[in-house]
Amino acid sequence: MKKYTKYYTLFALLMLLCLVADIIFGSVSIPFGDIIENIFLHGTSDSISAGDEYVRDILFSFRIPKAVTALLAGIGLSLCGLQMQTLFKNPLADPYILGVSASSGLGVAVFVMGGTLLGLDMGHPLFQIFGIAGAAMAGAFLLMMLIISLSHKLKNNLSLLIFGVMVGSVASAIINLLQYFTSASSLKMYVIWTMGSFAGLSPLQLWLLAGMVVVGVAMSVCNIKDLNALLLGEQYAAALGINIRGVKIRILVATTLLAGSVTAFCGPIGFIGIAVPHITRFIFRDANHKVLLPATALVGGTMMLFADLLTNIPASGNVIPINTVTALLGIPVILVIILKNRV
Amino acid sequence: MENMLLEIKNLSLGFHIGKSEKVIFDGIGAQAGRGEVIALIGSNGRGKSTLLRTLVGLQNIFRGTILYEGRDINGFSHKELSEMIAFVSSHTERANHLSVKDMLGINCYYKTNWLGNITEADSAKISKALEMVGLEGFEDRNSFDLSDGEYQRATIAAAIVQDSQIIILDEPTAFLDIANRFMITKLLQRIAHEWGKLVIFSTHDLQLAIDMCDKIWLMAADGFYNDTPCSLMESGAFEKLFDNSKMVFNKLTRTFEVKD
């Protein structure tokens, strides 16, 4: 384990660096001195100028929550991808391969667009805070229940993958239908959710996301032993006398919680879940999840913060969507995997 | 028999297609004890793998009874079964960057803590097992880069580490050259005779089975035979191995010949 200490330290520092950079840089440029002053010295000076208040507002209600959200999303999606790839022995498995994003999307679509069709009052505060997230979580967990109840039929991984693709197709068909009949405003609300964003989480939502990600990470850590046992295939683990059904359910619950909560609050964010575990394996060169799991969390958090940082790069006051950046970062990795085909 | 470990009573192999049943092999009955090496012989499609998978508990019993130390297999918990039997497949999947030590550590599943940390004692056991199979000092090697023969030996070492009373292997010598085949069979013999374990493996290599095994389970066209290699040779049971009557067993060379 000792030989990895320098890598862990390096990525911990990189993550910290990206976190700080993500707070410093934004569409509005704030001098570094002002940021330090407002974060660490606030409350010490008697008078607060209007400028300080403006800076503080940007920092505490926007940039810091946004950076923390990005960090949580990066950790959650990467750990989910790692466990999926091991469980299915498939290098291209990711949080979305089982249709988690599709079913979350369906949940949101039914809620946002179906709700107005049914005449629900979307302006209700409870709906505004938890409506979309709750619908996405419900969609993800319903899918998980479906998979677990069918798991004795979906014995091999290929049928499970095909099942995921089919769920995705059915979901997008229903979403299309809803889009056709819904009002322009709810359609816009849905489309904005699908674009993905780390911004705009209220403190309560952020705490909720953090809570769920922490529980998901804790469950993932408890899965380490089972994940290692799955490295030589399901058959090997079964022959060893391991309760495969129980292991599968534990991994599915952890991954659904991680991917479901992140998707619920940030929208479907692609490519991080699939790319980060590969980057981590490439750097650490160890299949043991005791090494790989914490490493993936570190690399995932760093990558997502870096991606979020890049959304501001044009520095023109415009922000590009996070999914564009994650695709540009993630797709080359996926191509390399396919071309090298050595997992 | 005093040290009897395994008893198979009137076992049938088969599967269900919808509501109808298809029986592959009928009337398997055998007993086996500690310290024995048993070869399972049968032509392709006779159900060798199915029998082994059923013995290991990977497949439900179609009909009949399997007893370990007098207890029905269905009454075993996952952990108890893993302490009773280790299974080695002929083609275990590989994982890149999985060190040989971590690979063998997987078989300590029921002995390690919640994180799967390998204890000093298990670590020593892993080194010992590797030494036994001729892979001394391979602990930190990437299991993905081992040759087929080395990898097969590593999977046998993993079964040794599991420390079960019985080791069952499905064609452990398939895909291997003659030197590796001999080495592995010799190793299985040592595991049984020196350590008092029961070793059961399937093979197509009849000559090797006759030379090195204490008993042969023969899945022939007309039924199941369970006897020593010599008695089976005397009784002419090997003649019934193939449906094809043109295959004749030559007792002198211990090989099959094609009759013109």
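The values are calculated or read from the model by the stated rules, or taken from the named source; none is laboratory data. What you see is a predicted model; the values in this text were computed from it and never measured. Quick reminder, even Gly has a Cβ in these numbers, built from the backbone with ideal geometry, and neighbours come from all protein chains shown.
Which one is farthest from the other protein chains (Cβ to nearest Cβ) among residues in the range B:46-73 that are within 16 Å of the chain's Cα centre (by Cα) and small (Gly, Ala, Ser)?
Result: B:Gly47.
Of the residues A:Val247, A:Val291, A:Val299, A:Val214, only one is over 27 Å from B:Ser143 (Cα atoms) and either part of a helix (DSSP H, G or I) or without any contact (Cβ under 8 Å) to a residue 12 or more places away in the chain (or both); which?
A:Val214
Every residue in the range B:218-252 that is exposed (fewer than 12 other Cβ atoms within 10 Å of the Cβ) and in contact with a Gly (Cβ under 8 Å, 6 or more places away or on another chain), please.
None - no residue of the range B:218-252 is exposed (fewer than 12 other Cβ atoms within 10 Å of the Cβ) and in contact with a Gly (Cβ under 8 Å, 6 or more places away or on another chain), so the list stays empty.
Quick check, is A:Ser197 surrounded by fewer than 18 Cβ atoms within 10 Å (Cβ to Cβ) and at negative phi?
no
What is the one condition in (1) more than 25 Å from B:Gln31 (Cβ to Cβ); (2) surrounded by 14 or more Cβ atoms within 10 Å (Cβ to Cβ); (3) among the small types (Gly, Ala, Ser) that B:Ala179 does not satisfy?
Unmet condition: (2).
Which count do you get for residues in the range B:74-86 that are more than 7 Å from chain A (Cβ to nearest Cβ), in contact (Cβ under 8 Å) with a residue 12 or more places away in the chain and surrounded by fewer than 20 Cβ atoms within 10 Å (Cβ to Cβ)?
Residues in the range B:74-86 being more than 7 Å from chain A (Cβ to nearest Cβ), in contact (Cβ under 8 Å) with a residue 12 or more places away in the chain and surrounded by fewer than 20 Cβ atoms within 10 Å (Cβ to Cβ): 3 in total.
So A:Phe198 passes all but one of these: (1) more than 14 Å from chain B (Cβ to nearest Cβ); (2) in contact (Cβ under 8 Å) with a residue 60 or more places away in the chain; (3) farther than 30 Å from A:Arg63 by Cα. Which condition number does it fail?
Of everything listed in (1) more than 14 Å from chain B (Cβ to nearest Cβ); (2) in contact (Cβ under 8 Å) with a residue 60 or more places away in the chain; (3) farther than 30 Å from A:Arg63 by Cα, A:Phe198 misses just condition (3).
Tell me which residues, restricted to the range A:266-288, are in a helix (DSSP H, G or I) and surrounded by fewer than 24 Cβ atoms within 10 Å (Cβ to Cβ).
The answer is A:His278, A:Ile279, A:Arg281, A:Phe282, A:Ile283, A:Phe284.
Counting just the residues of the range A:72-108 that are of a type in the set (A, V, I, L, M) and surrounded by fewer than 24 Cβ atoms within 10 Å (Cβ to Cβ), which one comes out nearest to A:Phe141 (Cα to Cα)?
Here the answer is A:Ile97.
Among the listed residues B:Arg71, B:Arg46, which satisfies the condition of being among the basic types (Lys, Arg) and in contact (Cβ under 8 Å) with a residue 60 or more places away in the chain?
Sole residue among the options that is among the basic types (Lys, Arg) and in contact (Cβ under 8 Å) with a residue 60 or more places away in the chain: B:Arg46.
Residue check, B:Ser89 against (1) of a type in the set (S, T, N, Q); (2) free of Cβ contacts under 8 Å to residues at least 60 places away in the same chain; (3) at the interface with chain A (Cβ under 8 Å from one of its Cβ atoms), all met but one. Which one?
Tallying (1) of a type in the set (S, T, N, Q); (2) free of Cβ contacts under 8 Å to residues at least 60 places away in the same chain; (3) at the interface with chain A (Cβ under 8 Å from one of its Cβ atoms), B:Ser89 fails exactly one: (2).
Is there a residue being crowded, with 23+ Cβ neighbours inside 10 Å, more than 23 Å from B:Leu40 (Cβ to Cβ) and either within 14 Å of chain A (Cβ to nearest Cβ) or not acidic (Asp, Glu) (or both) anywhere in the range B:139-150?
yes
Has the range B:124-133 got any residue that is more than 14 Å from every other protein chain (Cβ to nearest Cβ), more than 25 Å from A:Ile224 (Cα to Cα) and surrounded by 24 or more Cβ atoms within 10 Å (Cβ to Cβ)?
No, the range B:124-133 contains no residue that is more than 14 Å from every other protein chain (Cβ to nearest Cβ), more than 25 Å from A:Ile224 (Cα to Cα) and surrounded by 24 or more Cβ atoms within 10 Å (Cβ to Cβ).
Which residues, taken from the range B:100-142, are under 22 Å from the mean Cα position of the chain (by Cα) and not in a loop (DSSP other than H, G, I, E, B)?
Selection gives B:Val100, B:Met103, B:Leu104, B:Gly105, B:Ile106, B:Lys125, B:Ile126, B:Lys128, B:Ala129, B:Leu130, B:Glu131, B:Met132.
Which condition number in (1) part of a loop (DSSP other than H, G, I, E, B); (2) β-branched (Val, Ile, Thr); (3) under 20 Å from A:Val68 (Cβ atoms) is the one that A:Ile320 fails?
(3)
Go through (1) farther than 18 Å from B:Phe25 by Cβ; (2) buried (at least 16 other Cβ atoms within 10 Å of the Cβ) for B:Ile200 and report which single condition fails.
Result: B:Ile200 passes all but (1).
Return the only residue of B:Phe224, B:Phe249, B:Phe238 being in contact with a Leu (Cβ under 9 Å, 6 or more places away or on another chain) and part of a helix (DSSP H, G or I).
One residue alone meets the criteria, B:Phe238.
Output the residues belonging to the range A:192-209 that are under 23 Å from A:Phe306 (Cβ atoms) and modelled with pLDDT of 90 or more.
Those that are under 23 Å from A:Phe306 (Cβ atoms) and modelled with pLDDT of 90 or more: A:Phe198, A:Leu206, A:Leu209.
Please enumerate the residues belonging to the range A:217-244 that are among the small types (Gly, Ala, Ser) and either free of Cβ contacts under 8 Å to residues at least 40 places away in the same chain or more than 7 Å from chain B (Cβ to nearest Cβ) (or both).
A:Ala218, A:Ser220, A:Ala229, A:Ala237, A:Ala238, A:Ala239, A:Gly241
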